[in-house]
């Protein structure tokens, strides 16, 4: 009786894990690097993005973190990971957004909400991914703790 119970329990856990992995795998393709634009180091990431993706000279001498972000972006670019939710195209075709983006890169007070066009982009394209990923990782932690 206990053997059957344990076998059924093991099978149930295995099936649950397989279902979760199948569900979770569809979200792994999201371009998480661009999410840094909505984080604490948004200004440094923006500067690296400007240099690597838009192929422009550094606006100011880069910090160590900017160089690391630039290397990550180069690696993504070389591996064909280029989904930035259209930010590079917007910056190439919208002079107002580009100027705002440059000002964000060099300002002394890099509060994203002070740059309305950039902030709208981050709110509509990035924040929902960050929130969704937090929910996914919370669920993964719960499953792992079981």
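The values are calculated or read from the model by the stated rules, or taken from the named source; none is laboratory data. Note that the coordinates shown come from a computational prediction; the quantities given were computed from them, not determined experimentally. Don't worry about glycine lacking a Cβ; one is built from the backbone with ideal geometry, like all the others, and counts go over all protein chains shown.
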Only residues that are more than 18 Å from residue 57 (Cβ to Cβ) and surrounded by fewer than 17 Cβ atoms within 10 Å (Cβ to Cβ): list them for the stretch 96-109, please.
-> 96, 107, 108, 109
Take the residues in the stretch 83-95 that are under 20 Å from the mean Cα position of the chain (by Cα) and loosely packed, with under 13 Cβ neighbours inside 10 Å, then tell me which one is farthest from residue 35 (Cα to Cα).
-> 89
Restricting the stretch 40-59 to residues that are surrounded by 14 or more Cβ atoms within 10 Å (Cβ to Cβ) and over 19 Å from residue 90 (Cβ atoms), the residue that is modelled with the lowest pLDDT = 41
Residues in the stretch 9-39 that are under 29 Å from residue 77 (Cβ atoms) and modelled with pLDDT of 80 or more total 4
When the stretch 62-106 is examined, which residues are found to be under 20 Å from residue 41 (Cα atoms), at pLDDT 95 or above and in a loop (DSSP other than H, G, I, E, B)?
-> 62, 63
Just wondering, is there one or more residues in the stretch 98-112 that are within 18 Å of residue 127 (Cβ to Cβ) and without any contact (Cβ under 8 Å) to a residue 12 or more places away in the chain?
-> yes
